[in-house]
Each structure stands twice: as C-alpha cells, then as structure tokens.
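K.L.:
Take this structure first; my questions come after.
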Amino acid sequence: MYILGISAYYHDSAAVLVQDGKVICAIEEERFTRIKHDNSFPIRAIQWCLKNEKITIKDINVVSYYEKPLLKFERTLDMFIQTWPKSLFSFVQNMPELVGEKLSVEDTIRKKLKYKGRIVFIPHHLSHAAAAYFSSSFSSTAILTIDGVGEYQTTALWKAQNGKIHLLKEIQFPHSLGLFYSTCAAYLGFKVNEDEYKLMGLAAYGKPIYINRLKKIIDVKRDGSFNLMMDYFSFREAPQMWSKKFELLLGQPRQSKERITKKHADIAKSVQSLTESVYMGILNYLFNITGERNVCISGGVALNALANGLVHTRTPFKHTHVFGPAGDSGAALGAALYTYRASHEENGDYHPLPITSLSFGSHYSDTEIELILKKNNIQYKKLSQKELVSAAAKALNDGKIIGWFQGGCELGPRALGNRSILCKPSPRNMKAKVNVIKIREQFRPFAGSILQEHVHEYFEVPEKNHYSPFMNYCFIVKKNKRKELAAIVHEDNTCRIQTVSKDDGLYYRLLKKFNTLSGIPCVLDTSFNLKGEPIVESPEQAIEDFKKTQIDMLFIETLMICKK
C-alpha cells in the first residue's frame, strides 16, 4: 500500500512516500526549485518520489494532505470579518490566492497529478502530532504541537497510546506563541518564517531586561495557557505584524540592514526567555494531565533548540522526542503515517517503528557525478571509502574547511552529515571563516556533530547516553571542554548538537578517524548552502558553491576535489 503525503501553500512544501507504514522517500520542493522555503504545490518533489520508487501515480492508494483547506479558509475569512475595515487592504491582496489553489487543493491534486484515487485531509496539528509520535520509540506518550497556526489551532496537547492519538486541550488563533515569536523577529528586522533562528542566536548576546514589558503583551495563565493582548499586534489585519502600541512599548523597530545594537540583543534575550517560560509552563501542565514520562514535541516552535534543551531540567519529563523536520515538511510525513495507521487499526500492542535517519531524499551514483565533473573539466580523484574517510579526516585536522556530500539528502532544515560543510571545532576563528563562506552574520553560531559515545564528556546532557540525532537541542558545553570546541561554543556557553552513532555509517567513521587524529570527537557541522539558498540537492549545486567560496576540498560520494 502506497500513501503519498503532501504539504503545500504556506511554507516548506514537501512530498513523502510511505509504503506499508514505512517512509520510503521524502523531500522538500525547495531542493528542486532552489526557492528557499518554497510553498508552491510540490510537483517536482512528488515526481521525484514516484520516479525514485519506480512507480506511477496509478500505484498510489491514498493521497494524504496535511491540513483541511476549507477550515483554514473559514478561519482566514473570519479573521478578515473580525478586523474589518482595517483588514480591507489585506483582504483585497490575499483573497485571489485564498479562493484559488489554497482552497481547491483536491482539484489541484487531481489535475496536476492526473490522480483518480482517494484523497484525505488530516487536520494540521494532528499531522504534526502524528509526525512526532509515529517517528518516536514510544508506545505511550504525551504530545505537544505548537506553531504559528494551523486551521484554528496554534497549540494542542495530546496523549497517544497503542498507536492512537487523543486531543486533550487546545489554544486557538489568534493566540499563538509562534506568532508572538515571529512578530518579535520581524520587529528586530528579520524575515518571518525564515529568520526566527537569528533571534534565537542573537539572544545569547543580551540580557532579559525587557521581559517585564513583554509580559504586558502575553497573558499567561496558571495552567500554562495564554492569551495575546491583541492591541499590541496587527498580523490579523495588516502586513506588518506589530501595532503602534507595540512600538510605544519597545521603541522604533530595527530595519533589516540596520546595525544590531545591545538593545536589539536585550530584546531578543527577553523574547527568548519569555518564550521558554511559556513553553515550559505548557509542558508542565501537559505532564500534570497525562502523568506520562515521555513527551513528543512538534510544530515550528519545536525548532527552538534552546527551549528544547531545557525540557529535561525544567519539567518532570524523562524522555523527549523532537522530530527533526518539526515544521510543515514533517507534517506531510505525519499526514501519511496517520492515514496508514487509521486504515490499519492495531489489534493488541502497538509496535513503534522509530525513525533514526532523515536521509530520505535524492542521491547520486559515482558514475553520474563523474560525468558531471568530466563535462565541466573538473579534476578529481576517485578513492575507496577507507581512503575517503582518511583524506577527509586529515583535511579537517589540518584546519581545512570541506564540503561533505554523501547519500540521500536529509528531510528538514538541518544538515546531518549528508549535505554538510565541516571543519574542526577549534580554534575560535574557524567560526568566523565559515560564516564568511556562508555569507552570514558573525553573531550566528554553528552546531556540532559529536560521537554518541562521547556526548556526556563534552555537554551537560540529561543522561550519559543522550540520543540526539536530529540536532534539535542546545546544551551547555562543559567548562573544561570549551577551548577544544571554541568555534561552536556560543556566547551563552551552549551548543546545538547532533549525536552520531554507528548506524550513521560513513559520517560516524569520519568523526571516529578525526578523533583518532585530533583527540576531539566532534566537528563543526553546518548545512551545505550559502545565504538565501536551500541546502544543496545535486552535485552541480555542491560544485558551484564549492567553486565560488573558500571551501578547501569537496568530498562528493567517493570522489575528492581540491582547489588548485
């Protein structure tokens, strides 16, 4: 049984192919169109999934869409009515799109795919909940889904047991922690639905001196629920997300090209601290009403790695699972898996099928890559896997910055050792060098990939064998290890980490060899892309970025390319 999961029209459109309950392939549309966070109907991603599995649309039993378009349209129309006449401009600007493809999703699927079979629509937050639960190792768990907005829900509390997911509580639009965070990011001059992580990075340089002012705009209840004070916001009726009253509270907003000041850093820290407080309050209430020791978290807010790193110390939960692509691309996967489970009711105990790797995307053979290199007259050396690992580890130990392109590209916003730029994690200036290569602001930090068996030696993790393969947690770097990891230790002494185990194959072998040479079981890992680009999908894109930057060497499958 084949199920095609789809997300589209808001951000991070994606296609996922599930066969008999197992994810076969998955990829975002942006990887093909090269439009970052592309929200268009993922026709190229769908075509790639079908081609990769060597099937046609006729072999698809069910198409599962990640939300209910009619319900979302109803909420949007209701929003315009409630804020009329202030919303007139937004109504005129957005209505053609809303009554077009966004509303007629079923027609689009049938026409663009020539599909005649069954189509189901899974509520947005249920898709997030399913992605988190069905990718975890838990049979019984609490679930938190939290983002900007789905149809009406912005926050939902769930309990899952034996393969079934039950809604417990919800918060509805316009009261949204995701929209609160995005509003503050926009106020600080960052792009909505794209640059929220810049606010998180900037927070490390500030102090939370504005937190009491910010508490005036979000009313937090004793049970963890909250209301936004809507006179401080204008995202319902205008393109600008904050109101004049917001500016009276915090002053003039930062323009996108304006220099970042200490005040901006202090506001970022205050926003991050308040977000963490609300986040932990919700999770503590979720624990109280479920009594579960396990928790799964999904939705855009779940990409806040700083907040995720606090769950183990500020809530009673013992085991946390944050699915790597916690945003809308992951919801496509959740919709497909939920549809499969709903059509295959479990008889007796539920047996989890945890997802431990996100390498569901496109991959290329050495033969294909050699043809590209020869066509472009690029010199290269073909190596065995053992030689490749040795050469790459030596390059890292020598202080070189390398491109690492291996296997299938990963689903989600993180590069996890398949489409990565790597270098050693010290000295401190390695961070500056990589930020120059990626054309990024120097205040922004980098993540670290560390051997699973050494994670407890370097980071203040909740348990010795802490497992974090998707790079969704920040932890304090141990004081005696900060010099060794100087390039990835952020201003607040934290680092976002990915644990790499033997199951990760070639990437594990690379880190193991680097550890042998350097005595450090960790590397700086960042996504293989430049400013404004999605992560590279093809060899051509990797080669192009390699040629126009100061990346020293490119290891692309078993081929090594060096700068002349």
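The values are calculated or read from the model by the stated rules, or taken from the named source; none is laboratory data. Source: prediction; values computed, not measured. Cβ placement follows ideal geometry from the backbone for every residue including glycine, while neighbour counts extend to all protein chains displayed.
K.L.:
What is the residue count in region 418-449 for residues that are in contact with a strand residue (DSSP E or B) (Cβ under 8 Å, 6 or more places away or on another chain) and either within 20 Å of residue 204 (Cβ to Cβ) or surrounded by fewer than 23 Cβ atoms within 10 Å (Cβ to Cβ) (or both)? Break it down stepwise before answering.
P.N.:
Residues of region 418-449 that are in contact with a strand residue (DSSP E or B) (Cβ under 8 Å, 6 or more places away or on another chain), as a first pass: 418-425, 430-431, 433-434, 437-438, 445-449.
Going one step further and asking which of them are either within 20 Å of residue 204 (Cβ to Cβ) or surrounded by fewer than 23 Cβ atoms within 10 Å (Cβ to Cβ) (or both), we end up with 418, 425, 430-431, 433-434, 437-438, 445-448.
The number of residues fulfilling the criteria is 12.
K.L.:
Would you check if there is a residue in region 288-301 being crowded, with 24+ Cβ neighbours inside 10 Å, aliphatic (A, V, I, L, M) and either under 13 Å from the mean Cα position of the chain (by Cα) or more than 24 Å from residue 414 (Cβ to Cβ) (or both)?
P.N.:
yes
K.L.:
From 545, 503, grab the single residue that is over 14 Å from residue 392 (Cβ atoms), surrounded by fewer than 19 Cβ atoms within 10 Å (Cβ to Cβ) and charged (D, E, K, R).
P.N.:
Details: 545 fails: surrounded by fewer than 19 Cβ atoms within 10 Å (Cβ to Cβ).
One residue alone meets the criteria, 503.
K.L.:
Restrict the check to region 117-128 and report whether at least one residue is farther than 30 Å from residue 349 by Cα, in contact with a Lys or Arg (Cβ under 9 Å, 6 or more places away or on another chain) and touching a residue at least 12 places away in the same chain (Cβ under 8 Å). Please lay out each step first, then the result.
P.N.:
If we filter region 117-128 for residues that are farther than 30 Å from residue 349 by Cα, which is where we start, we get 117.
Now drop any that are not in contact with a Lys or Arg (Cβ under 9 Å, 6 or more places away or on another chain), which leaves 117.
This time we only want the ones that are touching a residue at least 12 places away in the same chain (Cβ under 8 Å), so: 117.
The answer is yes; a qualifying residue exists.
K.L.:
Considering every residue within region 366-381, establish whether at least one is buried (at least 18 other Cβ atoms within 10 Å of the Cβ), touching a residue at least 12 places away in the same chain (Cβ under 8 Å) and closer than 25 Å to residue 324 by Cβ.
P.N.:
Checking region 366-381: not a single residue is buried (at least 18 other Cβ atoms within 10 Å of the Cβ), touching a residue at least 12 places away in the same chain (Cβ under 8 Å) and closer than 25 Å to residue 324 by Cβ.
K.L.:
So which of 133, 232 is without any contact (Cβ under 8 Å) to a residue 60 or more places away in the chain and surrounded by 19 or more Cβ atoms within 10 Å (Cβ to Cβ)? So that I can check it myself, show each step before the final result.
P.N.:
On the way: 133 fails: without any contact (Cβ under 8 Å) to a residue 60 or more places away in the chain.
That would be 232, the only listed residue that is without any contact (Cβ under 8 Å) to a residue 60 or more places away in the chain and surrounded by 19 or more Cβ atoms within 10 Å (Cβ to Cβ).
K.L.:
Assess whether residue 273 counts as being touching an Asp or Glu at 6+ places or on another chain (Cβ under 7 Å) and modelled with pLDDT of 95 or more. Talk me through it step by step, then tell me what you get.
P.N.:
On the way: touching an Asp or Glu at 6+ places or on another chain (Cβ under 7 Å): no; modelled with pLDDT of 95 or more: yes.
Against the criterion (touching an Asp or Glu at 6+ places or on another chain (Cβ under 7 Å) and modelled with pLDDT of 95 or more), residue 273 does not qualify.
K.L.:
Go through (1) surrounded by 23 or more Cβ atoms within 10 Å (Cβ to Cβ); (2) more than 17 Å from the chain's Cα centre (by Cα); (3) closer than 14 Å to residue 299 by Cα one by one and return the number of the condition residue 149 breaks.
P.N.:
Here residue 149 clears every test but (2).
K.L.:
Being assigned to a strand (DSSP E or B) and in contact (Cβ under 8 Å) with a residue 60 or more places away in the chain is the requirement here; does residue 474 meet it? Break it down into steps so the answer makes sense when it comes.
P.N.:
On the way: assigned to a strand (DSSP E or B): yes; in contact (Cβ under 8 Å) with a residue 60 or more places away in the chain: yes.
Yes, satisfied.
K.L.:
Counting only residues that are part of a loop (DSSP other than H, G, I, E, B) and either surrounded by fewer than 16 Cβ atoms within 10 Å (Cβ to Cβ) or outside the structural domain of residue 551 (by TED's automatic domain parsing) (or both), how many does region 382-417 have?
P.N.:
Within region 382-417, the subset part of a loop (DSSP other than H, G, I, E, B) is 383-384, 398-401, 406-417.
Still in the list and also either surrounded by fewer than 16 Cβ atoms within 10 Å (Cβ to Cβ) or outside the structural domain of residue 551 (by TED's automatic domain parsing) (or both): 384, 398-399.
Final tally of qualifying residues: 3.
K.L.:
Do you know which of the residues in region 245-255 that are surrounded by 11 or more Cβ atoms within 10 Å (Cβ to Cβ) and either at pLDDT below 95 or not aliphatic (A, V, I, L, M) (or both) is farthest from residue 442 (Cα to Cα)?
P.N.:
Let us first name the residues in region 245-255 that are surrounded by 11 or more Cβ atoms within 10 Å (Cβ to Cβ), namely 245-247, 249-251, 253-254.
This time we only want the ones that are either at pLDDT below 95 or not aliphatic (A, V, I, L, M) (or both), so: 245-247, 251, 253-254.
On the way: 245: 32, 246: 28, 247: 27, 251: 25, 253: 21, 254: 18 Å.
The residue in question is 245.
So that you can scan it fast, the table gives a plain yes or no per residue for (1) of a type in the set (D, E, K, R); (2) at pLDDT below 95:
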residue	(1), (2)
311	no, no
314	yes, no
329	no, no
342	no, yes
346	yes, yes
352	no, yes
360	no, no
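K.L.:
Which residue out of 443, 514 is outside the structural domain of residue 308 (by TED's automatic domain parsing), of a type in the set (A, V, I, L, M, F, W, C) and part of a loop (DSSP other than H, G, I, E, B)? Show your work before the answer.
P.N.:
Numbers: 514 fails: part of a loop (DSSP other than H, G, I, E, B).
Of 443, 514, the one residue that is outside the structural domain of residue 308 (by TED's automatic domain parsing), of a type in the set (A, V, I, L, M, F, W, C) and part of a loop (DSSP other than H, G, I, E, B) is 443.
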